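Colleague: Here's a structure for you.
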Amino acid sequence: MTDSEIARDALRDDQSLVVVKNGTVVLTRTGRGIRPLYETATVPKNEGVLGGAALADKVIGKAAALLCVHGGVKSVYAILMSEPAVAVLTANGIPFEYRQIVPLVLNRTRTDTCPVEKLVNRLETPAEAITAITEFLRQLE
């Protein structure tokens, strides 16, 4: 079984993120929105955990895809993936799978585009995305 298959199969309803390296689940996270992946990709104590890993997440939009690029993941699986995420992953040579593809990730009430996706809509680099997401999450605290 590949790391990608293990990550996909390990993703449970109560988890938002699973990271697998060398056939072993090395990290699982719970939580809503972009925060679990953002913290995994940017908090110093997690440095290197994504490098060369297979990642499974419930939702991968463009912001999450840029965080995956930043972290150096080797593959991505999502239950729900957006078309802009596909473009980012493809452009960066990261293999991916999804259960469902959508034009854009919506907000929790499904009345508009996810606010984090709006933030990164015109951004192209992981560094730009991290700066924007950091400020967004800081405003929520």
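Colleague: Calculate how many DSSP beta bridges within the chain are antiparallel, expressed in % of all such bridges and rounded to the nearest 5.
Modeller: Restricted to the chain, the bridges split so that about 45 percent are antiparallel.
Colleague: Let me ask another. Rank THR109, THR125, THR90 by mean-square fluctuation in a GNM of the chain with C-alpha springs under 10 angstrom and give only the top-ranked residue.
Modeller: Highest fluctuation of the listed residues: THR109.
Colleague: Is region 75-127 best put as rounded, prolate or oblate by its Cα gyration tensor, with a ≥ b ≥ c the root eigenvalues, rounded for a/c under 1.5, and otherwise prolate when a/b is larger than b/c, oblate when not?
Modeller: oblate
Colleague: Step through the table entries LYS74/LYS118; LYS21/LYS118; LYS45/LYS74, compare each Cα-Cα distance with 22 Å, and write down the pairs that go over it.
Modeller: Details: LYS74/LYS118 26 Å; LYS21/LYS118 32 Å; LYS45/LYS74 20 Å.
LYS74/LYS118; LYS21/LYS118, as the Cα separations exceed 22 Å there.
Colleague: Given a cut-off of 20 Å, what percent of all Cα-Cα pairs of the chain lie beyond it?
Modeller: Every Cα pair in the chain considered, those over 20 Å come to 39 percent.
Colleague: Follow-up question, since we're still on this one. I want to verify a result. In a Gaussian network model of the chain, Cα cutoff 10 Å, which of these has the top mean-square fluctuation: ALA91, ALA129, ALA54?
Modeller: ALA91
Colleague: Please list, by residue number, every one of the trypsin sites (Lys or Arg not before Pro) in region 50-141 that is coil in DSSP and has at most 14 other beta-carbon atoms within 10 Å.
Modeller: Passing sites in region 50-141 are ARG108, ARG110, ARG122.
Colleague: Which value in deg cm²/dmol, rounded to the nearest 500, describes the helix-derived mean residue ellipticity at 222 nm for the chain, given -39,500 (n - 2.57) per DSSP H run of n ≥ 4 and division by the residue count?
Modeller: When only DSSP H runs of four or more count, the value is -11500 deg cm²/dmol.
Colleague: Give the distance, in whole Å, between the Cα centre of region 71-124 and the Cα centre of region 1-60.
Modeller: 15
Colleague: Another one. With only alpha-carbon atoms in the gyration tensor, what are the semi-axes of the equivalent ellipsoid for region 1-81, in Å, largest first?
Modeller: Values for region 1-81, descending: 16, 14, 12 Å.
Colleague: Another one. Let me check against my output: what whole-number percent is the relative contact order of the chain, with C-alpha pairs under 8 Å and at least 6 apart?
Modeller: Answer for the chain is 18 percent.
Values in this text are rule-based calculations from the coordinates and carry no lab data. A quick note: this is a predicted structure, and the numbers were derived from the prediction, not measured. Don't worry about glycine lacking a Cβ; one is built from the backbone with ideal geometry, like all the others, and counts go over all protein chains shown.
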